[in-house]
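To start, the structure under review is shown below, and the notes come after it.
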Amino acid sequence: MGSPHWKRLCLLLLAGLTSSLLLYSHYHATVEAPTSQRIIASLLQPGPLVLAPSGTPQGASSRSWALGGSLESGNSFKPSAELEEPEPSRKQPSPCLHSVMARAKADPKFREIFRFNTPVLMWDQHFTLETWNRLKTRHVPYGWQGLSLTVVGSTLQLLNASANRHLFDRAAFSGGCVRCAVVGNGGILNGSRQGKAIDSHHLVFRLNGAVIKGFEEDVGTKVSFYGFTVNTMKNSLISYEEYGFTQVPQGKDLRYIFIPSDIRDYLMLKSAIQGSPVPEGSDKGDNPQKYFGLEASAEKFKLLHPDFLQYLTARFLRSELLNTQFSSLYMPSTGALMLLTALHTCDQVSAYGFITANYEQFSDHYYEVEKKPLVFYANHDMMLEAALWRSLHRAGIITLYQR
Ligand SMILES: *[C@@H]1O[C@H](CO)[C@@H](O)[C@H](O)[C@H]1NC(C)=O
Ligand SMILES: *[C@@H]1O[C@H](CO)[C@@H](O)[C@H](O)[C@H]1NC(C)=O
């Protein structure tokens, strides 16, 4: 559930920000006792998301990092000034009567929050001068501030297949409702015997340390999408290796959803499509085939649009952390981003292994042998996410697995 950004966090804390220690513990205190008013207020105040200037260590390092990258690259990559922004990915019409969209539109609160024409994915046609100028003013994951134009541009250029423009092809399903399951890694799934129910969905989303072997009865085996940032994927391979997460799920029909939270994600994505080692940066020399298998092609990979991440954060998960010095670190968890991606693409969505009101009864992850308390990372707001899932479940927009 919480993506292991702890390394970065530790670095940040060690970097001499002594006062943040105080704030961090204050955050723990507040986050564990949220007031419902606060959550409702944040849900009801969609609007432009104000992010702090990137004067934080994180912002500074990714900036200098990208500078090195662009100095190195000789040929400059130009966004197209002629191309118009593509129309928002016009959703293929759905014949589903009881869809997320229908239910959201019928709900007085969520009607004001959902904007179903927000683009979910990004592809080659998005690389325009207009988009570059707009996104270069926002830091990752909401924009491209400080990122190398060459790296971003050459990556997007490769996303030119029609499969890059939608998560799935509706034509592959014979009418009716496309039903999706999103499987978080929460301890609630241990002993749940939900495997069959999960696999009976048309599409199954998994993320980060999604251990399957040995837990088939509880979590199923089907994987249609695996979502991650390069950071969370690699941290999962390290942190959950002892529980059997020794490899990223692979398969012919499996598609990967990149969350662009760093220049690393653009670099890895580009190398994955090209089937070549990562040429520069912190993953230099890494072979993407080690993670995603031998099939290197654009069809295999999806990239979430920074505008989509901005929209989700501003409208669904506008945390109070954005008003603290953690604002530039804050982002919704990988699980939250996958669940919200499913909500904007599938007709019906079930969420398994996500945080519930009684989370304290369960271990952090379903594969732990000894019960471990849920880890609250300072860059996520799990209590706000819990309130959102509860509220979407009550509105009949998702089915949240609870026990
Ligand atoms: C996409 O771009 C690649 C590399 O530039 C090219 O080989 C391929 O034919 C293009 N595909 C489409 C569908 O345009
Ligand atoms: C999870 O399930 C396994 C096997 O079913 C069990 O051995 C283990 O103790 C459980 N973990 C927790 C934290 O309950």
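When you look at Gln145, is it within 16 Å of ligand 1 (Cβ to nearest atom), over 30 Å from Tyr366 (Cα atoms) and not charged (D, E, K, R), yes or no?
Answer is no for this residue.
To keep it simple, each residue is scored yes or no on (1) under 30 Å from Ala395 (Cβ atoms); (2) in a loop (DSSP other than H, G, I, E, B).
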residue: Asp265; (1), (2): no, no
residue: Ser271; (1), (2): no, no
residue: Lys284; (1), (2): no, yes
residue: Ala296; (1), (2): no, yes
residue: Leu312; (1), (2): yes, no
residue: Leu321; (1), (2): yes, no
residue: Met338; (1), (2): yes, no
residue: Thr341; (1), (2): yes, no
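Checking the structure you have, find out if any residue of the stretch 279-286 is touching a residue at least 24 places away in the same chain (Cβ under 8 Å) and on the phi > 0 side of the Ramachandran plot. Checked against the condition, which is being touching a residue at least 24 places away in the same chain (Cβ under 8 Å) and on the phi > 0 side of the Ramachandran plot, the stretch 279-286 yields at least one hit. Could you go through the stretch 369-380 and let me know if any residue there is more than 16 Å from ligand 2 (Cβ to nearest atom), buried (at least 24 other Cβ atoms within 10 Å of the Cβ) and not in a loop (DSSP other than H, G, I, E, B). Looking through the stretch 369-380, none of the residues is more than 16 Å from ligand 2 (Cβ to nearest atom), buried (at least 24 other Cβ atoms within 10 Å of the Cβ) and not in a loop (DSSP other than H, G, I, E, B).
Pairing residues of the stretch 123-135 that are of a type outside the set (Phe, Trp, Tyr) with residues that are open to solvent by less than 10 Å² (accessible area, probe 1.4 Å) and in a helix (DSSP H, G or I), at Cβ distances under 8 Å and at least 6 apart in sequence or on separate chains, gives Asp124/Leu156; Asp124/Asn164; His126/Leu156; Leu135/Pro306. Take Thr345 and tell me if it is away from ligand 2 (no atom under 16 Å from the Cβ) and farther than 21 Å from Ala181 by Cα. No, not satisfied. Comparison of Arg193, Arg165 shows that the only residue that is at positive phi and touching a residue at least 24 places away in the same chain (Cβ under 8 Å) is Arg193.
For the stretch 107-128, the set of residues classified as away from ligand 1 (no atom under 16 Å from the Cβ), surrounded by 15 or more Cβ atoms within 10 Å (Cβ to Cβ) and polar (S, T, N, Q) consists of Thr118, Thr128, listed by residue number. So which residues in the stretch 287-299 are in contact with a Lys or Arg (Cβ under 9 Å, 6 or more places away or on another chain) and in contact (Cβ under 8 Å) with a residue 60 or more places away in the chain, if there are any at all? Passing the criteria: only Glu299. Among the residues in the stretch 353-363, are any open to solvent by 20 Å² or more (accessible area, probe 1.4 Å), touching a residue at least 60 places away in the same chain (Cβ under 8 Å), in a helix (DSSP H, G or I) and in contact with a strand residue (DSSP E or B) (Cβ under 8 Å, 6 or more places away or on another chain)? For the stretch 353-363, residues open to solvent by 20 Å² or more (accessible area, probe 1.4 Å), touching a residue at least 60 places away in the same chain (Cβ under 8 Å), in a helix (DSSP H, G or I) and in contact with a strand residue (DSSP E or B) (Cβ under 8 Å, 6 or more places away or on another chain): present. Would you confirm whether any residue within the stretch 219-230 is over 15 Å from the mean Cα position of the chain (by Cα), more than 24 Å from Gln274 (Cα to Cα), open to solvent by less than 10 Å² (accessible area, probe 1.4 Å) and within 16 Å of ligand 2 (Cβ to nearest atom)? For the stretch 219-230, residues over 15 Å from the mean Cα position of the chain (by Cα), more than 24 Å from Gln274 (Cα to Cα), open to solvent by less than 10 Å² (accessible area, probe 1.4 Å) and within 16 Å of ligand 2 (Cβ to nearest atom): present. Selection of the stretch 316-343 for residues being of a type outside the set (Gly, Ala, Ser), open to solvent by less than 10 Å² (accessible area, probe 1.4 Å) and under 13 Å from the mean Cα position of the chain (by Cα) yields Leu317, Tyr330, Pro332, Thr334, Leu337, Met338, Leu339, Leu340, Thr341, Leu343. One residue stands out in the stretch 139-193 among those that are under 30 Å from Lys371 (Cα atoms) and open to solvent by 40 Å² or more (accessible area, probe 1.4 Å): the one that is nearest to ligand 2 (Cβ to nearest atom), namely Asn190. Kindly indicate whether Thr131 is surrounded by 19 or more Cβ atoms within 10 Å (Cβ to Cβ), within 16 Å of ligand 1 (Cβ to nearest atom) and not small (Gly, Ala, Ser). No: the conditions fail for Thr131. Set side by side, the residues Ser239, Ser224, Ser162 differ, and just one is within 16 Å of ligand 1 (Cβ to nearest atom) and modelled with pLDDT of 95 or more, which is Ser162.
Taking the conditions (1) modelled with pLDDT under 95; (2) among the polar types (S, T, N, Q); (3) not in a loop (DSSP other than H, G, I, E, B) in turn, Ser154 satisfies each one other than (1).
The values are calculated or read from the model by the stated rules, or taken from the named source; none is laboratory data. Because the structure is predicted, anything quoted here is derived from the model rather than measured. Methodologically, a virtual Cβ is constructed for each residue, glycine included, from the backbone with ideal geometry; neighbour enumeration extends over all protein chains shown. Side chains are part of the model used for accessible areas, which takes the heavy atoms of the whole protein and leaves out ligands, DNA and RNA. Shrake-Rupley method; radii C 1.70, N 1.55, O 1.52, S 1.80 Å.
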